[in-house]
Every structure is written in C-alpha cells, then in structure tokens.
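The values are calculated or read from the model by the stated rules, or taken from the named source; none is laboratory data. Note that the structure is a prediction, hence the values are computed from the model and not measured. Ideal geometry is used to build each Cβ from the backbone, glycine not excepted, and the neighbour counts take in all protein chains shown. The area values use the complete protein model at the heavy-atom level, side chains included, leaving out ligands, DNA and RNA. Shrake-Rupley method; radii C 1.70, N 1.55, O 1.52, S 1.80 Å.
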Amino acid sequence: MSRKVVRSSKFRHVFGQPAKADQCYDDVRISQTTWDSSFCSVNPKFLAMIVEASGGGAFMVLPLAKTGRLDKSQPLVCGHTAPVLDIEWCPHNDNIIASGSEDCTVMVWEVPDGGLVRPLTEPLVTLEGHSKRVGIVAWHPTAQNVLLSAGYDNAVLLWDVGSGQALVELRDLHPDTIYSVAWSRDGSRLCTSCRDRRVRVIEPRSGRVLAEKVNPHEGSRPVRAVLLDDGKILTTGFSRMSERQVALWDPAHLEEPMNLQELDTSSGVLLPHYDPDTSMVYLCGKGDSSIRYFEVTPEAPYLHFLSLFSSKESQRGGGWMPKRGLDVSKCEIARFYKLHERRCEPIAMTVPRKSDLFQEDLYPDTAGPDPALTAEEWFGGKDAGPLLISLKDGYVPPKSREFKVNKSILEPRRSQTCSDGGSPGALEKLTEDVRQLQAMVTEQERRIAVLEAKAAK
C-alpha cells in the first residue's frame, strides 16, 4: 500500500482571520457599478473605497484607525462628473491616490495626514487623453510619478504626472476592450488581457509585443493576467463549459500551459493578487464568499493549491495591504480588505507559529516606499528593481512627502479660481446668495414658532 507524500511548505497552514466587528468599517455604500474593478485600495495610512454618490463619481478615504460605524456626513473625494471605476494609491507616497472615471479623465489627489475634514473637489492634476471612460489606473512600481491608464477607447497611456503629459500612447495594440493591465516587478514589462481573447506581454516604452497567447482559456468570459517574478504569466479565465480556471504559462513556450487547474462553476471573474515575497497567489472573485491561495514553485507541477478561506457573505471587491503595512509580530503575511454591500471587513492571512520572534523566513526584504528611478530616467530607457527594506523592526510610515508637480499645470486653475471668485460681479452674486439664505432661515424660524404655538394649545 503506497502512502501519498505531502509536499513540504511553510505556507501549507496559512489561515484567514476576519477582524472583530469593532475593527470593521460599517455603513459604507459600496459602488454598484458593474465594471470588474476591485473598488478598493489600501496602504499603511489610508483605506480608499469607491462608493455610491449622486451627481457624479466619488470615493471615500479613511484613516486605517477610523473603524466602526461611519458618520453619514463623512466627506468624500468627489471631483469626477461620472462614476469612478478604479482607484490606486501611489506606492511612493501614501498621501497620493489616482482615480479613473467614466468622465474620460484620470485625476491625482493629495489626501492630508489625518484624513479628510471636508469634501475634496480639487485634484492636484487632471490627466485628459482618453476619448472614452477610463477603467484601469496603475502606478509604476519603481519609477516616481509614472502612471498608467487604460480606457474603453482601447488605449494604454503612460503619464508623467509631474508634467501632466502622456509621454507614451499605445493606441494600436488592442482592437477591443482591455480587461486588465499589470506591471512586472521592475516595471520593464506590461501584461495585458483583452476582449479579443489574447494575453500580451509588452515593452511599454516602445510598444513592442514580446509574447502573445491566443485563447489562454477557451471560454468567452473575461481573462485576467499578472506577471510573476521570474517572468512567467499567471492567468484566470473560463473553460468552454464555463468552469473557472487558473493557468501558469512560460512566455518562451506558450503552446501549452505549465499548469492548468479547474476550480468551480461560479460566474464571477477571478481577480489574482501575486505576492513576490512569498511566491503566493490569491484568487478572489466578485460575488464569491471565498479566497483561494496557491504557491508557485520552480519545480513541477509549479502551481500548488494551498487552502481556501470561506465566509458566509459574498464580496463586492477588495484591496490588499502592501507588505510594509502588515503586523509582523503576528506572522501576518497578507491582509485583504473585503467589501460587502454596506461594510468593509479586514481579513488577516496568518502563518501559525509558536514563537513571538521575528520570522525571517516569512519576511524577506520587501519593496519600500522610495522610488528607484525618476520619471525622466524611466522614460529615457532605464529600468531598476524596487528599493528593498527590512521589516524586522516593523515599518513606521514617514510623514507626508512632497509631491512634485509642475507649477505651470496649477497656474491656469489658480488664475481661473481667482477670476471666478475675486471679480466685483462674483462678489455681488455671493452677497445676494447670502441675503436670500438669511431670508429663508428667517421664514423657517417664523413657521416653526407658529407650529410650536399650535402644539402648545
């Protein structure tokens, strides 16, 4: 009788631990938009969530410590004129966030330390270059102020946010809607999935296609793709029988997958999250109530299923905390912020260990907040991996950094504000508005006095 040998792995027993009720964020009206975005982005300072808003698009930014039931008057970031589709925090400045919207613009915002005390309506920079709605925004992982955006006009634009210019425009590579775009860890390559059922690996500055796979999954539903540390491609999609699949590909030999696994028959698109420090991949789908996690190894069968975290409620989206924001004293290797219909619930992924000491095998040096390159260097052709930091003594977020933007971008907006608010005509209109409001208040007070008198009788 042969006995099955269990593969040895330090991540075999990783388990998910939902936060207690008082550590969740309640009364958040998560966006009902049907676009397959995560609707959430998080860093060691703030949590951002796309929410329902009347009269345009908005998202909410909360300091991580502001848990519990939220006030209905919680200020929002609300400068877009149509629903927001995607948001992402800058990896090199925890106070800077980018948003893409149905109004065809990308906006970059600066959130003050401590969070918002009033609605934020004026972005630092507005980036206009798409002719249709913008569904994807993604910051460059190692170069400062470099932002990617992809829209329904089938274009991928690479922006120098400091100058407000799109220095690279990839408009002819994708003939149909772009489902996903992912950077490599050093930002030298892009991996895209498109409605034309192709996954492409692209050199972003020249637009040269380095590898292309037709029909990585036989089904017609959307495919998602990410680049792994060693250059391999991981994709999620659907079979011809609408079963969800995950596959691993070698770009040099795209004829057959290195590993392909069928998972279940749910209809939600699986959103992959890759952790290069642990070589783990987490899969969570919209409408799912579970998170699957796998380990990628250099030896066959290359992709190993580890475990499944399940809960009762399905998710509308979610965001992953960067490694520098985790609690290393509890052996936390990932934290997922799960969006429900009206709340956000943090879920800690933990490796069970008896010792309270720092576990060096779980926490290799990870990407820090400092950029390795300037935008000029990267657009000039240089590449560099992330600058690594140790988590041994824990990570302390630095005070807010200066975000450098060319003053010429801000001048037109400032001069327009001065001309709108400082002219005599505008002043007269403001005075008249104040007078009308005062008259309305006086009338309301009179009516209240009459009703109180009737009530007393």
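Picking from residues in the stretch 15-68 that are among the acidic types (Asp, Glu) and part of a loop (DSSP other than H, G, I, E, B), the one that is most open to solvent (accessible area, probe 1.4 Å) is Glu52.
Search the stretch 189-232 for residues being touching a residue at least 24 places away in the same chain (Cβ under 8 Å) and among the hydroxyl-bearing types (Ser, Thr, Tyr), and hand back the single one that is farthest from Asp264 (Cα to Cα). Among those that are touching a residue at least 24 places away in the same chain (Cβ under 8 Å) and among the hydroxyl-bearing types (Ser, Thr, Tyr), it is Thr192. Inside the stretch 69-103, residues that are closer than 22 Å to Arg342 by Cα, of a type in the set (A, V, I, L, M, F, W, C) and part of a loop (DSSP other than H, G, I, E, B) make up a count of 3.
Kindly indicate whether Asp27 is among the charged types (D, E, K, R) and at positive phi. In short, yes. Scanning the stretch 54-103 for residues that are of a type in the set (D, E, K, R) and farther than 16 Å from Val134 by Cα, we see that the one that is modelled with the lowest pLDDT is Lys72. If you go through the stretch 189-210 and keep only what is open to solvent by 20 Å² or more (accessible area, probe 1.4 Å) and not in a strand (DSSP E or B), you end up with Arg189, Arg195, Asp196, Arg197, Arg205, Ser206. Every condition in (1) open to solvent by less than 10 Å² (accessible area, probe 1.4 Å); (2) touching a residue at least 40 places away in the same chain (Cβ under 8 Å); (3) in contact with a Phe, Trp or Tyr (Cβ under 6 Å, 6 or more places away or on another chain) is met by Leu127 except one, and the failing one is (2). If I filter the stretch 331-343 for residues that are surrounded by fewer than 17 Cβ atoms within 10 Å (Cβ to Cβ), free of Cβ contacts under 8 Å to residues at least 60 places away in the same chain and of a type outside the set (A, V, I, L, M, F, W, C), do I get at least one hit? Among the residues of the stretch 331-343, not one is surrounded by fewer than 17 Cβ atoms within 10 Å (Cβ to Cβ), free of Cβ contacts under 8 Å to residues at least 60 places away in the same chain and of a type outside the set (A, V, I, L, M, F, W, C), which makes the answer no. Check off (1) open to solvent by less than 10 Å² (accessible area, probe 1.4 Å); (2) in contact with a helix residue (DSSP H, G or I) (Cβ under 7 Å, 6 or more places away or on another chain) for Asp277 and give me the number that stays unchecked. Answer for Asp277: the failing condition is (1). For the stretch 1-35, filtering for residues that are modelled with pLDDT of 90 or more, hydrophobic (A, V, I, L, M, F, W, C) and more than 19 Å from Trp320 (Cα to Cα) leaves 1. Of the residues making up the stretch 306-323, those that are outside any strand (DSSP E or B) and either buried (at least 20 other Cβ atoms within 10 Å of the Cβ) or under 15 Å from the mean Cα position of the chain (by Cα) (or both) are Gln315, Arg316, Met321, Pro322, Lys323.
Over 30 Å from Pro369 (Cβ atoms), among the small types (Gly, Ala, Ser) and open to solvent by less than 20 Å² (accessible area, probe 1.4 Å): which single residue out of Gly268, Gly287 fits that description?
So the residue among Gly268, Gly287 that is over 30 Å from Pro369 (Cβ atoms), among the small types (Gly, Ala, Ser) and open to solvent by less than 20 Å² (accessible area, probe 1.4 Å) is Gly268.
Here is a check on your reading of the model: is Thr366 touching a strand residue (DSSP E or B) at 6+ places or on another chain (Cβ under 9 Å) and within 18 Å of Asp186 (Cβ to Cβ)? So Thr366 fits the description; yes. For the condition of a type in the set (Gly, Ala, Ser), surrounded by 10 or more Cβ atoms within 10 Å (Cβ to Cβ) and either touching a Pro at 6+ places or on another chain (Cβ under 6 Å) or at pLDDT below 75 (or both), Ala384 does not qualify.
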